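Worksheet: the structure to be examined is printed underneath.
The values are calculated or read from the model by the stated rules, or taken from the named source; none is laboratory data. The structure displayed is predicted, hence computed values, not measured ones. Cβ atoms come from the backbone with ideal geometry, glycine included; neighbour counts cover every protein chain shown. These area figures cover heavy atoms from the full protein model, side chains too; ligands, DNA and RNA do not enter into them. Shrake-Rupley method; radii C 1.70, N 1.55, O 1.52, S 1.80 Å.
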Amino acid sequence: MQIVKTKVKDPDLIRKKQQQIVKGSIKVFRKKGFHAASIREIARACRMSLGSLYDYIEKKEDILFLVHNEVLNQIYDRMETIAAQYDHPVEQLIHILRGLFDLTCRLKDEMLFIYTETKSLEKPYLKEILRRESEFVSKYRELIERGVNQGMFKCDSPDLAANILIFSGSIIPLRGWNILPRHSEEEVFEALKSLALKILNVNNQAAIAMASNQPLGN
């Protein structure tokens, strides 16, 4: 779905250029903040002329939406790619947790920025971002419900569990400044994995072995 109005009609070119805009603009936003950044500075960082930039956006607020949307695109793509590779609910859960944790570590600056500036989104953009985030929670919830139905998880509120696990996965962007001086990213992930297993009451021996990357039967 294309929400940002553009003068260009080629969807592939629009996607390519808007990704270029996101990559360049985030450098400016990290340095100056969204409100202090100028369109001219953003165009320079994107290596585009002002005229070319305005072929793909109408205003600076469009760029804020594009940054949010691009981060969500990467999260969705990572989750769907991993989910398609595994059938067992515990395996699926652990690999999704790992993949999304690694992604949030790589995108920590972008994620911290969108958490900080979501309030600045225009109402139609905010509505769309919240809709997409709700879809993401639904995918997580469906994964948990499938595990419950197969007897691998025990969880009275899959929706609440899904929200907690998604939020905890953002710990490096939000709390990395306090955690990483004393703990490695791997330590943090192992703690998150343990938390997920406890929240979902994964007590089946085969499921625990699978989650711990151990041979079944050990």
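Relative contact order of the chain: what whole-number percent is it, with Cα pairs under 8 angstrom and at least 6 residues apart?
Working: 182 pairs, mean separation 40.4, N = 218.
Taking the mean separation of contacting Cα pairs over the length of the chain, I get 19 percent.
Against the chain, whose longest principal axis is taken from its Cα atoms, helix 108-117 shows a tilt of about 70°. Farthest toward the positive end of the dipole of the chain, out of Ser52, Ile3, Ile96, is the Cα of Ser52, where the dipole comes from beta carbon charges about the Cα centre. Backbone phi angles across the range 184-190, fed through the Karplus curve with coefficients 6.51, -1.76 and 1.60 (θ = phi - 60°), yield HN-Hα couplings of 7, 4, 5, 4, 5, 4, 4 Hz in residue order; Gly and Pro are listed as x.
In this structure, the amide hydrogen of Asn201, modeled 1.01 Å from its nitrogen in the peptide plane, lies closer than 5 angstrom to those of Lys154, counting only residues at least 5 positions away or on a different chain.
May I ask you to compute the full-extension gain from Gln19 to Arg146, defined as 0.36 nm times their residue separation minus their alpha-carbon distance, rounded to one decimal in nm?
42.2 nm
Taken one residue at a time, the phi angles of the range 163-168 give Karplus couplings (6.51, -1.76, 1.60, θ = phi - 60°) of 5, 5, 5, 5, 5, 5 Hz. Gly and Pro are set to x.
In this structure, Thr118 and Asn201 have a Cβ-Cβ separation that, at R0 = 30 Å, corresponds to a calculated FRET efficiency of about 0.40. Helix 11-32 axis versus longest C-alpha principal axis of the chain: approximately 90°, rounded to the nearest ten. Leaving ligands, DNA and RNA out of it, report the carbon-plus-sulfur percent of the accessible area of the chain at a 1.4 Å probe. So the carbon and sulfur contribution to the accessible surface is 52 percent. In plain terms, if you count all Cα to Cα distances in the range 71-172 and split them into 10 Å steps from zero, the share in each step is 14, 46, 31, 9, 0 percent. Which of these, Thr104, Thr118, Thr81, has the largest mean-square fluctuation under a Gaussian network model of the chain (Cα springs below 10 Å)? Top of the fluctuation ranking is Thr81.
At 1.4 Å probe radius, can you tell me the per residue accessible area of the chain in Å²?
Numbers: 11920 Å² over 218 residues.
Accessible area per residue: 55 Å².
In nm, what is the difference between 0.36 nm times the number of residues separating Val8 and Arg44 and their Cα-Cα distance?
Details: separation 36, 0.36 × 36 = 12.96 nm, distance 2.02 nm.
Result for the pair: 10.9 nm of gain on full extension.
Between Ser194, Ser49, Ser120, the Gaussian network model of the chain with springs among Cα atoms under 10 angstrom shows the greatest mean-square fluctuation at Ser49. With 23 Å as the limit on Cα-Cα distance, the pairs of Lys139/Lys198; Lys16/Lys123; Lys7/Lys27; Lys5/Lys60; Lys5/Lys139 that go past it are Lys16/Lys123; Lys7/Lys27; Lys5/Lys139.
Simple spin-label estimate for Glu190 and Asn178 gives 2.2 nm between the two label positions (7 Å along the Cα-to-Cβ direction from each Cα).
The GNM of the chain, with springs linking C-alpha atoms under 10 angstrom apart, assigns the highest mean-square fluctuation among Lys16, Lys59, Lys108 to Lys16. Helix 123-149 sits at what angle to the longest principal axis of the chain, using alpha carbons and giving 0 to 90 degrees rounded to 10? On a 0 to 90 degree scale, this one is about 20. Approximating the spin labels as points 7 Å out from Cα along Cα→Cβ, the Arg30-to-Asn73 distance works out to 1.9 nm.
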